[in-house]
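Encoded as structure tokens, the structure appears first; notes follow it.
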Amino acid sequence: MWEQGKPLSVEAAQLDPPGPGEVLVEIKAAGVCHSDLHPALGDWPAKTPLVLGHEGAGIVREVGPSVTGLRRGDHVVLCWAPACGVCPPCREGRAVLCDRVEKVSFRNKLPSGASRLHARGQDVAPFLGTACFSNFVVVPEGGAIPVPADVPFDALATIGCAVVTGVGAVTNAARVPQGARVAVIGAGGVGLNVVQGAAIAGCEEIIAIDLRPVPLGIAQVFGATQTIEASRDVPVDVRGMTGGRGADFVFDTVGSPATLTTAMACVRKGGTVVLTGLSRVDSQGSVAMFPFVMQEKRLIGSVYGSGNPASDIPRLVSLYQDGRLKLAELVSRTYSLDRINEALSALAASDGARGIIRW
């Protein structure tokens, strides 16, 4: 990305070898996520030039000095938020809130501070320290999570962000109990994983809400028990499906002011709204304060599954191997890297599920 709002350029670049604590990964599959679309469109500010892509899986081809946990040939899922392990949030067990991630990944840097990628005589930044819309990447050791070699890369492509974000919002952030009634606003990549996270948790009722019928049909494959087209009066429909009370938990995976308002109206007294959707950085939501207090509703944010990706990702892979987690079903479109602009355009007009780049 040389300029926001313009098509991406696919061209040759120079990649330095991995430094201390870093590894070189050959990318085999990469998910195309809205978090890539936002900087491409200019919804989020970003310094250019920048290589996008943050959901990826591949094979370790070289390890730098002092790397101890990975070897050449290891299959890995990329993690864009490798925790330092020593800051206050890490010591509290909240690895995704790591202070170093805020200072490094969110500023599109590697923890070492080095610039490994170069093109047209300039340093090129790696988006979220990952930059996996590329044949090869250099990432920190903690940013490459080893997984079994017999798991297909197509299945692994989205596990490093959409899957861990959606399932983790259910299991880690909300800690949804068995038998709960859940509503999910948005049946895209994260929303579908919230749905299947709720199904794995044993929820009694899972209501998927979207503007379009095709994503709602896919949501039923992932475990939705009922669906609502959002053109209707959603809060009234949700209450009608939950004995007049509203949902115990409502997950807003869209993250717009309008969907937040809808979510707060759909949740029951004493219930919880979990906001995972990322909007424009200047978006502001509003909450009706009187019923929020009088009905003791709760609103919480959840980023990257609110857990520890280093342990959550292997656990999710195990669920997939056991047949309890759907991954291949998330992929509806496959592209080569030279079709990345087509992939981003399709995402912007998506009718459900996800596209991936496949090498």
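The values are calculated or read from the model by the stated rules, or taken from the named source; none is laboratory data. Being a predicted model, the structure only gives us computed values, none of them experimental. Glycine gets a Cβ as well: all are built from the backbone with ideal geometry, and neighbour counts include every protein chain shown. Accessible surface is based on the protein model in full, side chains and every heavy atom, while ligands, DNA and RNA are left aside. Shrake-Rupley method; radii C 1.70, N 1.55, O 1.52, S 1.80 Å.
Sort through L344, L337, L325 and tell me the only one that's more than 30 Å from G202 (Cβ to Cβ), over 15 Å from the mean Cα position of the chain (by Cα), among the hydrophobic types (A, V, I, L, M, F, W, C) and surrounded by 20 or more Cβ atoms within 10 Å (Cβ to Cβ).
Working: L337 fails: surrounded by 20 or more Cβ atoms within 10 Å (Cβ to Cβ); L325 fails: more than 30 Å from G202 (Cβ to Cβ).
So the residue among L344, L337, L325 that is more than 30 Å from G202 (Cβ to Cβ), over 15 Å from the mean Cα position of the chain (by Cα), among the hydrophobic types (A, V, I, L, M, F, W, C) and surrounded by 20 or more Cβ atoms within 10 Å (Cβ to Cβ) is L344.
Considering region 251-266, the residues that are buried (at least 24 other Cβ atoms within 10 Å of the Cβ) and within 18 Å of the chain's Cα centre (by Cα) include one that is farthest from A199 (Cα to Cα), namely V254.
Condition check for V67 on (1) closer than 22 Å to P17 by Cα; (2) open to solvent by less than 20 Å² (accessible area, probe 1.4 Å): one failure, at (2). Taking the criterion of being surrounded by fewer than 18 Cβ atoms within 10 Å (Cβ to Cβ), among the hydroxyl-bearing types (S, T, Y) and touching a strand residue (DSSP E or B) at 6+ places or on another chain (Cβ under 6 Å), would at least one residue in region 309-318 satisfy it? Within region 309-318, none of the residues are surrounded by fewer than 18 Cβ atoms within 10 Å (Cβ to Cβ), among the hydroxyl-bearing types (S, T, Y) and touching a strand residue (DSSP E or B) at 6+ places or on another chain (Cβ under 6 Å). Put simply, of P146, P111 the only residue that is assigned to a strand (DSSP E or B) and either open to solvent by 30 Å² or more (accessible area, probe 1.4 Å) or on the phi < 0 side of the Ramachandran plot (or both) is P146. Mind checking whether some residue in region 155-176 is over 18 Å from the mean Cα position of the chain (by Cα) and buried (at least 24 other Cβ atoms within 10 Å of the Cβ)? Yes, region 155-176 has at least one match.
Would you point out the residue of region 269-282, among those that are touching a residue at least 24 places away in the same chain (Cβ under 8 Å) and open to solvent by 60 Å² or more (accessible area, probe 1.4 Å), that is nearest to A180 (Cα to Cα)?
So the first thing to find is which residues in region 269-282 are touching a residue at least 24 places away in the same chain (Cβ under 8 Å), and the list is 269-281.
From the residues that got through so far, the ones that are open to solvent by 60 Å² or more (accessible area, probe 1.4 Å) too are 269, 278, 280-281.
On the way: K269: 14, L278: 25, R280: 31, V281: 32 Å.
The residue in question is K269.
Within region 175-203, which residues are touching a strand residue (DSSP E or B) at 6+ places or on another chain (Cβ under 6 Å) and of a type outside the set (G, A, S)? Passing the criteria: V176, R181, V182, V184, I185, V194, V195, C203. Here G285 does not fit the description of being surrounded by 21 or more Cβ atoms within 10 Å (Cβ to Cβ) and either in a strand (DSSP E or B) or out of contact with any strand residue (DSSP E or B) (no Cβ under 7 Å at 6 or more places or on another chain) (or both).
Looking across A13, A40, A30, one residue alone is modelled with pLDDT under 95 and either closer than 30 Å to V151 by Cβ or open to solvent by less than 20 Å² (accessible area, probe 1.4 Å) (or both). It is A40. One residue stands out in region 17-27 among those that are surrounded by fewer than 16 Cβ atoms within 10 Å (Cβ to Cβ) and either among the aliphatic types (A, V, I, L, M) or touching a strand residue (DSSP E or B) at 6+ places or on another chain (Cβ under 7 Å) (or both): the one that is farthest from C132 (Cα to Cα), namely P17. When R324, R315 are checked against the criterion of being among the charged types (D, E, K, R) and free of Cβ contacts under 8 Å to residues at least 60 places away in the same chain, a single residue qualifies: R315.
Would you check if there is a residue in region 85-108 being part of a loop (DSSP other than H, G, I, E, B), under 24 Å from L337 (Cβ atoms) and in contact with an Asp or Glu (Cβ under 8 Å, 6 or more places away or on another chain)? Can you show your working first?
So the first thing to find is which residues in region 85-108 are part of a loop (DSSP other than H, G, I, E, B), and the list is 85-87, 92-94, 98, 104, 108.
With the extra rule that they be under 24 Å from L337 (Cβ atoms), the set shrinks to 108.
Remaining after also requiring in contact with an Asp or Glu (Cβ under 8 Å, 6 or more places away or on another chain): none.
No, every residue in region 85-108 fails to be part of a loop (DSSP other than H, G, I, E, B), under 24 Å from L337 (Cβ atoms) and in contact with an Asp or Glu (Cβ under 8 Å, 6 or more places away or on another chain).
Matching residues to (1) among the hydroxyl-bearing types (S, T, Y); (2) in contact with a helix residue (DSSP H, G or I) (Cβ under 8 Å, 6 or more places away or on another chain); (3) not in a strand (DSSP E or B):
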residue	(1), (2), (3)
G191	no, yes, yes
A208	no, yes, no
T272	yes, yes, no
L278	no, yes, yes
